[in-house]
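What follows is a short report on a single structure.
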Amino acid sequence: MKVHLTRQRFPSKCPVSRSHIGLICLGLVVIWGVGITLAIAQGRVTDVLVSVVQDKVIAVTGVGQSEIDLSVDETVQSTKAQGLTALAITSTRLLGFSSQLRHWGEQTLAGDEHVTTSQVLREFCLVATDQHLYGFQETLAHWTGEDLGASERVQDVRAQGNLALVVTTERLFGYSAFMNGFHAIALQGDERVQGIEHTGDAILIKTSRRTLMFRSRMAGWIEQS
């Protein structure tokens, strides 16, 4: 005798169609996307504003503010901000602000030192005085300096994108947002600069004797043959 067993089927209490499954998946994707967008927005670095309020210099970004106190008798001579970088020049210091690190970096000036020019770009700033060149890297919130000679004088300053160029009576200085410090090359004898071509990541200089190039991501000057 053969016995046939038949599986009994019960109707589903909660039938789920393909369209319902698709809607559920779409909802999960939307929720995930919103979460990622909020996370990016919370961590996004925003441009900076700089202001002087009583005895403080204040840098304001989209995520908050950072302040640095002025010392007794210290006065602010000028402030500039561009992109992620802010600069305040006082009677005794250079104050640079990094939006990414939310930190002030300071460089003390000598008592008889006077600022002659300054440039502020998105990720660095450059200051020339009658005695030194100073550069501030926003990514490190750090100042570096270069001494000028006793009779050396700044003749020209160019800044664009990620690079700055300083031409003095004796040398050429390249400064990059990506590399620490100044990169100098001496002018030879009566060599004079005749032309400068400048992009955000490269500088080409033609002198009376040679052609020189400086790049934002390569240390040192290159002499073109």
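Bear in mind these aren't lab numbers, they're just calculated from the coordinates by the rules spelled out. Just so it is clear, the model here is predicted, and its values are computed rather than measured. Glycine also receives a Cβ, built like all others from the backbone with ideal geometry; neighbour counts cover every protein chain displayed.
In table form, for the structure just shown:
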| item | result |
| --- | --- |
| Top positive-direction residue, dipole computed over region 45-147 with Cβ charges, set LEU49, SER71, GLY135 | LEU49 |
| Built amide H within the under 5 Å cut-off of ARG93, gap 5+ | LEU109 |
| Estimated vicinal HN-Hα couplings, Hz - region 162-171 in sequence order (Karplus 6.51, -1.76, 1.60; Gly, Pro = x) | 9, 10, 9, 10, 10, 9, 10, 5, 10, 9 |
| HN-Hα J in Hz across region 58-71 - Karplus 6.51, -1.76, 1.60, θ = phi - 60°, x for Gly and Pro | 10, 9, 10, 10, x, 10, x, 9, 10, 10, 9, 7, 8, 7 |
